[in-house]
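Enquirer: Let me give you the structure first, and then I'll get to my questions.
The values are calculated or read from the model by the stated rules, or taken from the named source; none is laboratory data. The shown structure was predicted, so the numbers you read here are calculated from the model rather than taken from an experiment. Reconstructed Cβ throughout: ideal geometry from the backbone, glycine too, with neighbour counts over all protein chains shown. Surface accessibility is based on the protein's heavy atoms, side chains included, excluding ligands, DNA and RNA. Shrake-Rupley method; radii C 1.70, N 1.55, O 1.52, S 1.80 Å.
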2 protein chains.
Amino acid sequence: MINPFDDTYFMKKALQEAEMAFEKGEIPVGAVIVIEDRIIARTHNLTELLNDVTAHAEMQAITSAANFLGGKYLNKCTLYVTLEPCQMCAGALYWSQISKIVFGASDTQRGFKTMGTTLHPKTEVVSGVLAEEASALMKRFFIEKRNLN
Amino acid sequence: MINPFDDTYFMKKALQEAEMAFEKGEIPVGAVIVIEDRIIARTHNLTELLNDVTAHAEMQAITSAANFLGGKYLNKCTLYVTLEPCQMCAGALYWSQISKIVFGASDTQRGFKTMGTTLHPKTEVVSGVLAEEASALMKRFFIEKRNLN
């Protein structure tokens, strides 16, 4: 039997979060954290609203998932995030010992791969899931933003 | 006239925060953020209490200072922190565009220098201020912790 809860399923949920960020005028990045096919955190970028550079979707998701689990380690969890995490978020994911990271679009400028950030040795990484959708949303955001200014 | 508000003065304040962390059973790291000789954020590590790997002293200090200033960029601020920041905190400091980072003890295992985290090009870094005091506090913490277990 096919498991309907695959990486694409959960990335769609992360994309829905990214769209919520878009509607608020935030750079549209969304994330969910999943344990045993269950979503335990849903977040999107809130750096503008909160006036806080640390309010990336992933950071909030880590805090929220740890709060749900009652422990700070996420070693049985998977993060789905629409954009490749930055140094800060990858550094937080390192500390969280998360089991798996699935991201959509690559960030060749400020993504953790380009920046050389170290993840936990037990963390698996999958990239490119619904990358075009995530990337199109980002492009639309920056075009609209440019047109407004 | 000698300015009494030098790096040592503010690092002492960060060390007081580290001591507060120690008393709570947290890895003793403290931080303050200063603008024009005025402390606008005082924080210490709270990862155990909050069950949150993102609750490092620096992360809280960035959020707190931005909240005080009403803007997310800290480009006129200096961070004083008793221990060399990790990848996550250095990544957050990159986004904050902070003017200056002064740290005490080096963290040769997980500090941003060893890990190769990129700071903002305008960020100045000073290291080793009251390093022995910060280092001694860390050592005392881990010895006491080992003896309790």
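Enquirer: I'd like to check something: does segment B:2-16 contain any residue that is under 27 Å from B:N51 (Cα atoms), in contact with a Phe, Trp or Tyr (Cβ under 8 Å, 6 or more places away or on another chain), of a type in the set (F, W, Y) and assigned to a helix (DSSP H, G or I)?
Expert: Within segment B:2-16, not a single residue is under 27 Å from B:N51 (Cα atoms), in contact with a Phe, Trp or Tyr (Cβ under 8 Å, 6 or more places away or on another chain), of a type in the set (F, W, Y) and assigned to a helix (DSSP H, G or I).
Enquirer: Here's something else I'd like to know. Might you let me know whether segment A:114-135 holds any residue that is within 14 Å of another protein chain (Cβ to nearest Cβ), basic (K, R) and open to solvent by 40 Å² or more (accessible area, probe 1.4 Å)?
Expert: From segment A:114-135, those within 14 Å of another protein chain (Cβ to nearest Cβ) are A:114-121, A:123; that's our starting set.
After this cut, where a residue has to be basic (K, R) as well, the list is none.
No - not one qualifying residue is present in segment A:114-135.
Enquirer: Now for a different question. Can you report the number of residues in segment B:76-97 which are of a type in the set (A, V, I, L, M, F, W, C) and in contact (Cβ under 8 Å) with a residue 40 or more places away in the chain? Spell out how you get there, then give the answer.
Expert: Taking segment B:76-97 first, the residues of a type in the set (A, V, I, L, M, F, W, C) are B:77, B:79, B:81, B:83, B:86, B:88-90, B:92-93, B:95.
Among the residues that remain, those that are also in contact (Cβ under 8 Å) with a residue 40 or more places away in the chain are: B:77, B:79, B:81, B:83.
Residues flagged as of a type in the set (A, V, I, L, M, F, W, C) and in contact (Cβ under 8 Å) with a residue 40 or more places away in the chain within segment B:76-97 amount to 4.
Enquirer: Additional query: Output the residues belonging to segment A:1-27 that are hydroxyl-bearing (S, T, Y) and either without any contact (Cβ under 8 Å) to a residue 24 or more places away in the chain or touching a His at 6+ places or on another chain (Cβ under 9 Å) (or both). Write out each step before concluding.
Expert: Our first condition is that a residue be hydroxyl-bearing (S, T, Y); within segment A:1-27, this holds for A:8-9.
Listed by number, the list holds a single entry, A:Y9.
Enquirer: What tally of residues in segment A:60-75 results from selecting those that are touching a residue at least 24 places away in the same chain (Cβ under 8 Å) and either among the basic types (K, R) or open to solvent by less than 30 Å² (accessible area, probe 1.4 Å) (or both)?
Expert: We begin by selecting, within segment A:60-75, every residue touching a residue at least 24 places away in the same chain (Cβ under 8 Å); these are A:60-62, A:64-66, A:68-69, A:72-75.
Adding the requirement that they be either among the basic types (K, R) or open to solvent by less than 30 Å² (accessible area, probe 1.4 Å) (or both) leaves A:61-62, A:65-66, A:72, A:74.
Of the residues in that region, 6 qualify.
Enquirer: In segment B:86-104, is there at least one residue being open to solvent by 40 Å² or more (accessible area, probe 1.4 Å), within 12 Å of chain A (Cβ to nearest Cβ), at pLDDT 95 or above and in contact with a Gly (Cβ under 8 Å, 6 or more places away or on another chain)?
Expert: No - not one qualifying residue is present in segment B:86-104.
Enquirer: Can you tell me which residues in segment B:1-37 are among the aliphatic types (A, V, I, L, M), under 18 Å from B:S135 (Cα atoms) and touching a Leu at 6+ places or on another chain (Cβ under 9 Å)? Working first, answer last.
Expert: Filtering segment B:1-37 down to residues among the aliphatic types (A, V, I, L, M) leaves B:1-2, B:11, B:14-15, B:18, B:20-21, B:27, B:29, B:31-35.
Filter once more, so that each one left must be under 18 Å from B:S135 (Cα atoms): B:11, B:14-15, B:18, B:20-21, B:27, B:29, B:31-32.
Across segment B:1-37, the qualifying residues are B:M11, B:A14, B:L15, B:A18, B:A21, B:I27, B:V29, B:A31, B:V32.
Enquirer: Hey, another quick one. So A:Y80 clears everything in (1) among the aromatic types (F, W, Y); (2) within 13 Å of chain B (Cβ to nearest Cβ); (3) farther than 23 Å from B:L50 by Cβ except one condition, right? Which one?
Expert: (2)
Enquirer: Any idea which residue in segment A:1-59 is farthest from A:M138 (Cα to Cα), counting only those that are among the charged types (D, E, K, R) and open to solvent by less than 30 Å² (accessible area, probe 1.4 Å)?
Expert: If we filter segment A:1-59 for residues that are among the charged types (D, E, K, R), which is where we start, we get A:6-7, A:12-13, A:17, A:19, A:23-24, A:26, A:36-38, A:42, A:48, A:52, A:58.
The next check asks that each one be open to solvent by less than 30 Å² (accessible area, probe 1.4 Å); those that pass are A:17, A:26, A:52, A:58.
Working: A:E17: 13, A:E26: 10, A:D52: 20, A:E58: 17 Å.
Top of the filtered list is A:D52.
Enquirer: Can you name the residue in segment B:59-77 that is touching a helix residue (DSSP H, G or I) at 6+ places or on another chain (Cβ under 7 Å) and either over 16 Å from A:Q60 (Cα atoms) or assigned to a loop (DSSP other than H, G, I, E, B) (or both) and, of all such residues, is nearest to the other protein chains (Cβ to nearest Cβ)?
Expert: Initial filter on segment B:59-77 (touching a helix residue (DSSP H, G or I) at 6+ places or on another chain (Cβ under 7 Å)): B:59, B:62, B:72-74, B:77.
Filter again for either over 16 Å from A:Q60 (Cα atoms) or assigned to a loop (DSSP other than H, G, I, E, B) (or both), leaving B:72-74, B:77.
Working: B:K72: 5, B:Y73: 8, B:L74: 8, B:C77: 12 Å.
Looking at residues that are touching a helix residue (DSSP H, G or I) at 6+ places or on another chain (Cβ under 7 Å) and either over 16 Å from A:Q60 (Cα atoms) or assigned to a loop (DSSP other than H, G, I, E, B) (or both), I get B:K72.
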